[in-house]
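Structure record follows, encoded as structure tokens.
The values are calculated or read from the model by the stated rules, or taken from the named source; none is laboratory data. This structure is a prediction, so every number in the text was calculated from the model and none was measured. No Cβ is skipped: glycine too gets one built from the backbone with ideal geometry, and neighbour counts run over all protein chains shown.
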Amino acid sequence: MDKDELDILRHTSAHIMAQAVTELYKDVRLGIGPTIEDGFYYDFDLDHTFTPDDLEKIEQKMREIIKKDIPLVREEISREEAKKLFEKAGATYKVDLLQKIEEPVVSIYRQGDFVDMCRGPHLKSTGRVKHFKLLNLAGAYWRGDENNPMLQRIYGTAWKTKGELDDYLNKLEEIAKRDHRRLGRELDLFSMSEDIGPGLAVYHPYGTTLRFIIEDFLKEEHKKRGYQFVISPHIMKASIWKTSGHYQMQYPMYFFDIEGQEYGIKPMNCPAHIHVYKSQPRSYRTLPLRFFELGTVYRHERSGVLHGLLRVRGFTQDDAHIFCLPDQIEQEILAALEFAFFALKTFGFEEYHVMLSTKPDKYVGTEENWERATEALKTALEDNKVSYEVDPGEGVFYGPKIDVKLKDALGRLWQGPTIQVDFNLPERFDMVFYGADNAQHRPVMIHRTVLGSVERFMGALIEHYGGAFPMWLAPVQVVIAPIADRHLGYATEILNELTANDIRAEIDERRETIPAKIRDAQMRKIPFTVVVGDKEEEAKTLAVRGRSGQDRRGVRLKELVLEIKEKVETKSSDEV
């Protein structure tokens, strides 16, 4: 079954679910019920709060409706007729939708006594839906506006065959096991709290270790590639954001007053990097200039879209801005792409999709500048035989961009590196360099990230590995488990040697059995558990258990150190 057929199947399933809800809960008011990737949802306004038990009741009612094999009949009526129809039914949200529709004629679908406004298409009858499942509940503001009522959203999925449905549900189980929010708690990596504030992550020691490993990699690789490191303040005057255009574009920023001056918390680092560029005269001989910052930024994301580390209000970008000559654009784009692909592969992401995101509806600058910037990105991709798809209207307001979406172990795509060509901010900030002719010229500005948001990348990384990080990324690489208190001395000798070799290790000093200590280390997804008892201490050896369950006895400490160091130096993703 192709995508269009699945879409029709799921759209019909959404209508069946809506009919089931209206039959079970007489005072319900219907919102909207579109299809989404792999499923569908419908929004409901109801005084009763849905529970998982309600989902079972709704599913049962849906099966009854399906068994009746009710025809879905399309009708076209005038907008005014539709308005009267839904006003009479008390369907206030449908009436609200009709207020925004300009077409004089709209389509409705009837299935028995149930009527819904919809463009369609749909299956011929409810009996064509065979294999479906209601999945979960969520809240959603009407029209996505937090000033509107909060509705209850029910998500579901539908497939042509039982096998496809079972495969999808198994995949959801695996996704749930890998959920970075759950693993963040279980592995003591990070936490989020209403006390701190929604969308703001607090890193615990193990999570901070993981983050520092990522950041150290980024610093080292940027240094190799000729980037200069800079640091910018977290707040800047509102006038800066007016010059950049963020203010006028109502970018999701936080503004506040200091001694009568309006300031904004930075949502990005560009203006500060431009300030560094403009701090002294620049010659064409000094270009390209590459400024890099691990810059923490803040954006006013709505609470309804926040999702663990993947969608936050405060995050750090591996942010760089390259100021170059027009004839250097292609080589700088290519170098940025190669850097991004190298980084993704190093972290274990072998597949990715490249998108060319073009001019959005709201933008600054001239059509000519947008065409030049888009053509520069397109040329760099095509000249270097990089496969890509066009993503219309998804550029940022000051320029088009290349988006690289990385694919994880479950085949899901995550937003990662971005590369943007910008002719507009250099104009808005009056940036210049002196050319060979001693005249002033405008530089080109390239915005780019290698991993993107460190928070989002960490969330994707946790889910990609299911928390079982390769040796070089594991916050704790070795847990030493002494069999009895008398073996603590030998365990400490091992710990000191490992630590001296920059290996992250801990001793499990609890008075627990060895099976319990091994089990806990496995639950924490530690690569190696080293067990030491009388035999090991006497022979000065180790009993080593790998995370995958492999046991080795009589291992020399020096051998283990060399094995771990090799895995770290090569950044191997092989399981241990």
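Using the structure shown, decide if Tyr203 is of a type in the set (Phe, Trp, Tyr) and surrounded by 17 or more Cβ atoms within 10 Å (Cβ to Cβ). Against the criterion (of a type in the set (Phe, Trp, Tyr) and surrounded by 17 or more Cβ atoms within 10 Å (Cβ to Cβ)), Tyr203 qualifies. Residues that are touching a Lys or Arg at 6+ places or on another chain (Cβ under 8 Å), surrounded by fewer than 16 Cβ atoms within 10 Å (Cβ to Cβ) and in a loop (DSSP other than H, G, I, E, B) within segment 518-572 comprise Lys540, Arg556, listed in sequence order.
Scanning segment 183-199 for residues that are touching a strand residue (DSSP E or B) at 6+ places or on another chain (Cβ under 8 Å) and not in a helix (DSSP H, G or I), which turns out surrounded by the fewest Cβ atoms within 10 Å (Cβ to Cβ)? Looking at residues that are touching a strand residue (DSSP E or B) at 6+ places or on another chain (Cβ under 8 Å) and not in a helix (DSSP H, G or I), I get Ser193.
For segment 413-426, the count of residues that are touching a Leu at 6+ places or on another chain (Cβ under 7 Å), assigned to a helix (DSSP H, G or I) and not aromatic (Phe, Trp, Tyr) is zero. Tallying residues that are crowded, with 23+ Cβ neighbours inside 10 Å and of a type in the set (Gly, Ala, Ser) within segment 454-481 yields 4. In segment 261-329, counting only strands (runs of 3 or more DSSP E) that sit wholly within it, the ones holding 1 or more residues that are polar (S, T, N, Q) and under 21 Å from Gln420 (Cα atoms) span 289-298, 314-324.
Restricting the search to segment 31-76, which residues are buried (at least 18 other Cβ atoms within 10 Å of the Cβ), over 24 Å from Val95 (Cβ atoms) and within 31 Å of the chain's Cα centre (by Cα)? Answer for segment 31-76, where residues must be buried (at least 18 other Cβ atoms within 10 Å of the Cβ), over 24 Å from Val95 (Cβ atoms) and within 31 Å of the chain's Cα centre (by Cα): Gly39, Asp54, Leu55.
Residues in segment 67-97 that are of a type in the set (A, V, I, L, M, F, W, C), touching a Phe, Trp or Tyr at 6+ places or on another chain (Cβ under 7 Å) and under 21 Å from Asp27 (Cβ atoms): 1 in all.
Only one of Gly197, Gly163 is of a type in the set (Gly, Ala, Ser) and not assigned by TED's automatic domain parsing to the domain that holds Thr12. Can you tell me which? Going through Gly197, Gly163 in turn, just one is of a type in the set (Gly, Ala, Ser) and not assigned by TED's automatic domain parsing to the domain that holds Thr12: Gly197.
Suppose we filter Val95, Val106 for residues that are assigned by TED's automatic domain parsing to the domain that holds His11, part of a strand (DSSP E or B) and modelled with pLDDT under 95; which single one remains?
Numbers: Val95 fails: part of a strand (DSSP E or B).
When all the criteria are applied, what remains is Val106.
Scanning segment 495-517 for residues that are surrounded by 12 or more Cβ atoms within 10 Å (Cβ to Cβ) and either among the acidic types (Asp, Glu) or not assigned by TED's automatic domain parsing to the domain that holds Val544 (or both) turns up Glu497, Glu506, Asp508, Glu509, Glu512.
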